[in-house]
Amino acid sequence: MDGGGFEKMTKIAKNHITSADYIIGPKRHLSMLPACRAVLVEWPMPFSEGIKLILQRRGQPCVMLTSGDPFWFGAGSQITAHLAQEEWLAIPNQSCFSLCAAELGWALEKTLCIGLHAAPLSKLRPHLNANRKIMATMRNGASVKELAAYLCDIGFGSTHITCLAELGGTNQRITEGHANELLDKNFMHPVMVALNISGNGKTMQSSSGLPDSWFEHDGQITKQAVRALTLSSLAPRSGEHLWDLGAGSGSISIEWILSGSLMRATAVEKHSKRAEFIRKNALNLGVDQLKIVEADIIDAIFDLEKPDCIFIGGGLNEKLIELLWGHISDGTRIVANGVTIETDRFLTMIQSRLGGRVQRFEISSLEGIGKMHGWKASYPITQWAIIKGVH
């Protein structure tokens, strides 16, 4: 907004603070308040306890203090989700990302802005490639050293890090260096970082079909080429929710989420060892929003949030299809892969009854035969794809 608009909002904020009888916020925010008659309450841990305190005062004046813009990687939406529109008023300030861009001269529209204050550092993993610029909020000063160590461990130790502590305040402090130079430094809270990625670490491709080496598995994995073809058939669209049934290593649901920032997925796997593979793969590849359900597929599906799309990689049988068909909504897409003669027959039979499309994939790889070479074929894959209610 223009300067006059900003001054007006600042005046509104001051009026609310001076007239409030209850103010809740972090200790640092409360310490900066002018003299006022309000009861000052430090925001508790975990965060959800503070929301409870606010809701207990429903119908009474209450001021919540946050940093910057509360709806840009902030707490705003977590509060307003519990309130009607007329029950709250937000007075935003400059976000830490705007302040950081103003210090560094980086174009925000060309910079990845990400929140690491409540997410694992591996959330960066899909975005690490040379010359990429990233701004990230951090949990605390110690987490900056953890970030530097993480980047070093995966081959990006030459990444240039600008650490901005107490950004925009009178005690603002900026520290620069490469990740491998900051392992023994101490940093103040609150803090954010600006990263200019550099190094020879492995880079994740943007297209579907990551090499199998990115995943831990026991052999139960949809192989790279078949996975790329399968994701093409699943046709992920922004914000959609996938059920990955009989998930194995989780490769399908992980790549589904990697296809867009708003994607969601639930992986159902009854074998505990494989469920652990899924957890490790999701963490290593920066997919912290993957929901993992360790249970039998048929026992689990009625307790899950309805999907937009379903992949059946394991546990395919007639009972499962019948239950799914009666449970899902029109417009839901199903893709099922089979490799045995029995599943091949079943998929062609179910296609004749319900419709959809059946395809068969046969993939061969070049391998040595003595001093010569030949094509070694993998097992053919039969795939059934259908949209319920669409003929």
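Observations, loosely collected:
Yes/no matrix, rows are residues, columns are (1) in contact with a helix residue (DSSP H, G or I) (Cβ under 6 Å, 6 or more places away or on another chain); (2) in the same structural domain as R274 (by TED's automatic domain parsing); (3) over 21 Å from I297 (Cα atoms):
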{"position": "I174", "(1), (2), (3)": "no, no, yes"}
{"position": "K202", "(1), (2), (3)": "no, no, yes"}
{"position": "H217", "(1), (2), (3)": "yes, yes, no"}
{"position": "I221", "(1), (2), (3)": "yes, yes, no"}
{"position": "A235", "(1), (2), (3)": "no, yes, yes"}
{"position": "G250", "(1), (2), (3)": "yes, yes, no"}
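Residue-by-condition table, conditions (1) closer than 20 Å to E269 by Cβ; (2) touching a strand residue (DSSP E or B) at 6+ places or on another chain (Cβ under 7 Å); (3) loosely packed, with under 13 Cβ neighbours inside 10 Å:
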| site | (1), (2), (3) |
| --- | --- |
| K291 | yes, yes, no |
| A300 | yes, yes, no |
| D303 | yes, no, yes |
| T340 | yes, no, yes |
| K376 | no, yes, yes |
| P380 | no, yes, yes |
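- Residue match in the stretch 3-17 (condition: farther than 16 Å from N93 by Cα and either of a type in the set (S, T, Y) or modelled with pLDDT under 85 (or both)): no
- The single condition from (1) in contact (Cβ under 8 Å) with a residue 24 or more places away in the chain; (2) on the phi < 0 side of the Ramachandran plot that C36 fails is (1).
- Within the stretch 179-191, the presence of at least one residue that is over 18 Å from V287 (Cβ atoms), among the β-branched types (V, I, T) and in contact with a strand residue (DSSP E or B) (Cβ under 7 Å, 6 or more places away or on another chain) is confirmed.
Results for (1) closer than 30 Å to P307 by Cα; (2) modelled with pLDDT of 95 or more; (3) charged (D, E, K, R), shown as yes or no for each residue.
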{"position": "E181", "(1), (2), (3)": "no, yes, yes"}
{"position": "D184", "(1), (2), (3)": "no, no, yes"}
{"position": "P190", "(1), (2), (3)": "no, no, no"}
{"position": "A194", "(1), (2), (3)": "no, yes, no"}
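- The stretch 20-40: number of residues that are surrounded by 14 or more Cβ atoms within 10 Å (Cβ to Cβ) and modelled with pLDDT under 85: 5
- A residue that is among the basic types (K, R), in contact (Cβ under 8 Å) with a residue 60 or more places away in the chain, within 27 Å of P380 (Cα to Cα) and assigned by TED's automatic domain parsing to the domain that holds L242 cannot be found anywhere in the stretch 307-328.
- Residue count, the stretch 162-173 (criterion: among the β-branched types (V, I, T) and at pLDDT 95 or above): 1
To keep it simple, each residue is scored yes or no on (1) farther than 15 Å from L210 by Cβ; (2) polar (S, T, N, Q).
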position: S238; (1), (2): yes, yes
position: S253; (1), (2): no, yes
position: L258; (1), (2): no, no
position: A267; (1), (2): yes, no
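- Here S249 clears all of (1) surrounded by fewer than 23 Cβ atoms within 10 Å (Cβ to Cβ); (2) over 12 Å from the mean Cα position of the chain (by Cα) except the condition numbered (1).
- Options I386, I369, I334; residue that is at pLDDT below 95 and either surrounded by 13 or more Cβ atoms within 10 Å (Cβ to Cβ) or closer than 24 Å to Q224 by Cα (or both): I369
- Top-ranked residue of the stretch 342-366 - restricted to ones that are under 17 Å from I312 (Cβ atoms) and hydroxyl-bearing (S, T, Y), ranked as surrounded by the fewest Cβ atoms within 10 Å (Cβ to Cβ): T348
- Residues satisfying the stated conditions in the stretch 267-286, i.e. within 23 Å of I381 (Cβ to Cβ) and either assigned to a helix (DSSP H, G or I) or under 15 Å from the mean Cα position of the chain (by Cα) (or both): A267, R274, F277, I278, N281
- Residues of the stretch 173-205 that are surrounded by fewer than 19 Cβ atoms within 10 Å (Cβ to Cβ), aliphatic (A, V, I, L, M) and either over 17 Å from L121 (Cα atoms) or in contact (Cβ under 8 Å) with a residue 40 or more places away in the chain (or both): I174, M188, M204.
- Within the stretch 162-172, considering residues that are in a strand (DSSP E or B) and touching a residue at least 40 places away in the same chain (Cβ under 8 Å), the one surrounded by the most Cβ atoms within 10 Å (Cβ to Cβ): L164
- Identification of helices (runs of 4 or more DSSP H) wholly contained in the stretch 14-128 with 2 or more residues that are farther than 30 Å from N196 by Cβ yields 27-31, 47-56, 76-80.
- Within the stretch 265-278, the only residue that satisfies the criterion of being surrounded by fewer than 16 Cβ atoms within 10 Å (Cβ to Cβ) and either of a type in the set (S, T, N, Q) or within 17 Å of L242 (Cβ to Cβ) (or both) is S272.
The values are calculated or read from the model by the stated rules, or taken from the named source; none is laboratory data. Quick caveat: nothing in here was measured; it's all calculated off a predicted structure. Glycine gets a Cβ as well: all are built from the backbone with ideal geometry, and neighbour counts include every protein chain shown.
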